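Q: So that we are looking at the same thing, I have put the structure below in structure tokens.
The values are calculated or read from the model by the stated rules, or taken from the named source; none is laboratory data. These numbers were taken from a predicted model, which means no experiment stands behind them. Cβ: placed from backbone, ideal geometry, glycine included. Neighbour counts: every protein chain shown. The area values use the complete protein model at the heavy-atom level, side chains included, leaving out ligands, DNA and RNA. Shrake-Rupley method; radii C 1.70, N 1.55, O 1.52, S 1.80 Å.
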Amino acid sequence: MNTGVVIDRRYMDHDMGAYHIESPARIEVLIRMLEKDPPVPFVAIPPRPATEEELAWVHERGYIDLIRSTAGKSVPMDADTVAGPKTWGTALLAAGGFLESLDRVMDGSVPNAIALVRPPGHHAEASRAMGFCFFNNIAIGAEHLLRRHGLRRVLIVDWDLHHGNGTERAFYERRDVMYFSAHQSPLYPGTGAVRFFGHGEGFGCNLNVPLLAGKTDADYLLIFNRILAPVAAEFAPEFILVSAGFDIAAGDPLGGMSLTSRGFGLLTDSLAAMAGRTAGGRLAIVLEGGYDLPALGDGVGEVMKALSRGTVPCGDSPCGDPAPGSVSPSLRAELEEPLRTFRGKWDIPAPWVSSA
Ligand SMILES: [Zn+2]
């Protein structure tokens, strides 16, 4: 069955200035790829604007009013985030487009989906736009699954280069939404330390894996298969949502990670396998960062190919454990604190490939 894709020219309407890296051209390259050379057949999902009620699941009313009041104007929100004349409308369409993709997965018309939207969302907090983000698309999506579809547990996986501070804060004391982030550290926005492991009922449901620059496909795959997968199996999400930042691609101007386009496909395969175990394969991805335009297009293409493969067991396939010797030498030491912390709550078998 073909995967679902949310894409719309109106995602180019939000414009923070000619020299801003989070530019309409990011959507333009994706539209061109899907029109001229689609990696796989797909079902186009038309977006709709999110309602203010849906935004209010995550954002304060006064903040929603503030963003609405920027319509038709140009208003700086932080050092690198500007609400332009069409930002309000585009941001509603970004959140609403993601919700549409979730509805199509829930009603079975597509097995999984990717929402290629902007502005991105994972830095947006309840009453604060920051880091190119206005409304937290993925957090609103998780609430949608719980409130409208009656799901009980949702897993959010954030592979963007940056830590998703907004998503972390939205669910920090909740046990119905697990947040797992691997991110470059130190880096903007400065959050995402391992010790922030959730609080109260949410203790153990906020998992941060800060990483030094230079990590590869093999490193991320090992983290997904050997740390995230066992935690996910125990948490048993009914849906997996992904904050997909392609700013971990090699050559991205903001980051120092070294993922290849093939790596993005393998990470998607790994997540699809997790979704197949407890979530009926339900997996929906939303675009966050990614600023090297060719790498963005290639990465999205590989993710779409993986989504169209559906759920594949990762045991002996390419999304299984990486080849001996391919893991970065420093990774073991970097994962000591996350493993020690996560094992306080979750049953993670001793890592890992003996040769690492
Ligand atoms: Zn990012």
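Q: What's the longest bit of the chain with no exposed GluC sites (Glu not before Pro), using DSSP loop states and at most 14 other Cβ atoms within 10 Å as the test? Present the calculation step by step, with values, prior to reporting the outcome.
A: On the way: sites that count: Glu60, Glu173.
Segment 174-356 is the longest.
Q: Along the Cα→Cβ direction, 7 angstrom out, place labels at Ala350 and Ala56. What is the inter-label distance in nm?
A: 5.4 nm
Q: Taking 22 Å as R0, compute the FRET efficiency from the Cβ-Cβ separation of Arg277 and Ala323 and round it to 0.05. Please report the intermediate quantities before stating the final value.
A: Working: r = 24 Å, r/R0 = 1.09.
After rounding to 0.05, the efficiency reads 0.35.
Q: What does the accessible area per residue of the stretch 287-333 come to in Å², with a 1.4 Å probe and no ligands, DNA or RNA counted? Kindly include the intermediate steps, with their values, before the conclusion.
A: Details: 2010 Å² over 47 residues.
Roughly 43 Å² per residue, with all protein chains present.
Q: For the Cα atoms of the chain, what angle does the longest principal axis make with the long axis of helix 137-147, in degrees from 0 to 90, nearest 10?
A: 80 degrees
Q: Count the net charge of all other residues whose Cβ sits under 13 Å from the Cβ of Ala279, scoring Lys and Arg as +1 and Asp and Glu as -1. All intermediate terms of the calculation are to be shown ahead of the outcome.
A: Numbers: positive: Arg152, Arg153, Arg277, Arg282; negative: Glu238.
Neighbour charge sum, excluding Ala279 itself: +3.
Q: Let me ask something additional. Along the Cα→Cβ direction, 7 angstrom out, place labels at Ala236 and Arg195. What is the inter-label distance in nm?
A: 3.4 nm
Q: Give the calculated FRET efficiency between Val43 and Glu336 to the nearest 0.05, with a Förster radius of 51 Å applied to their Cβ-Cβ distance. Write out the running numbers ahead of the final one.
A: Numbers: r = 44 Å, r/R0 = 0.85.
The value I calculate is 0.70.
Q: Still on this structure, I have one more. Please compute the contact order of the stretch 1-72 in relative form: average sequence separation of alpha-carbon pairs under 8 Å and at least six residues apart, divided by the residue count, as a percent. Spell out each step's value before the answer.
A: Working: 46 pairs, mean separation 26.7, N = 72.
Dividing the mean separation by the residue count of the stretch 1-72 yields 37 percent.
Q: Follow-up question, since we're still on this one. So what's the chain giving for Cα Rg divided by 2.2 N^0.38 Å, two decimals?
A: Details: Rg = 18.5 Å, N = 356, 2.2 N^0.38 = 20.5 Å.
Against the empirical 2.2 N^0.38 Å value, I get 0.90 for the chain.
Q: Sticking with this structure for a sec: Which value, in Å², gives the accessible area per residue of the stretch 98-159 when a 1.4 Å probe is used on the protein heavy atoms? Working shown, then result.
A: Numbers: 1420 Å² over 62 residues.
Averaged over the residues of the stretch 98-159, the accessible area is 23 Å².
Q: Right, here's the next one. Mean shadow of the stretch 51-192, computed from the convex hull of its alpha carbons, in nm²?
A: Values: hull surface 33.4 nm².
Mean shadow area of the hull around the Cα atoms is 8.3 nm².
Q: Between Leu293 and Met1, how high is the FRET efficiency from 1/(1 + (r/R0)^6) when r is the Cβ-Cβ distance and R₀ = 51 Å? Nearest 0.05.
A: On the way: r = 30 Å, r/R0 = 0.58.
The pair Leu293/Met1 has a calculated efficiency of 0.95.
Q: Next question, about the same structure. Which chymotrypsin sites (Phe, Trp or Tyr not before Pro) does the stretch 1-99 hold that lie in a coil by DSSP with at most 16 other beta carbons within 10 Å? Walk me through the numbers on the way to the answer.
A: Details: sites: Tyr11, Tyr19, Phe42, Trp57, Tyr63, Trp88, Phe98; in loops: Tyr19, Trp57.
Listed in order of number, the matching sites are Tyr19.
Q: Stretch Val29-Arg309 to full length: gain in nm at 0.36 nm per residue minus the Cα-Cα span?
A: Details: separation 280, 0.36 × 280 = 100.80 nm, distance 2.34 nm.
Length difference between fully extended and current span is 98.5 nm.
Q: Which percent of the accessible area of the stretch 54-118 is formed by carbon and sulfur heavy atoms (probe 1.4 angstrom)?
A: On the way: 1210 of 2190 Å².
Carbon and sulfur atoms account for 55 percent of the accessible area of the stretch 54-118.
Q: Name the cysteines of the chain that stand alone by the Cβ rule: no other cysteine Cβ under 4.7 angstrom.
A: If one checks each Cβ against the other cysteines of the chain, Cys133, Cys205 turn up with nothing under 4.7 Å.
Q: Around Leu116, what is the net charge, scoring Lys/Arg as +1 and Asp/Glu as -1 over all other residues with Cβ under 10 Å from its Cβ?
A: Net charge in that neighbourhood comes out at +1.
Q: Next up: Sort out for me the Cα centre separation of the stretch 277-345 from the stretch 65-96, rounded to whole Å.
A: 32 Å
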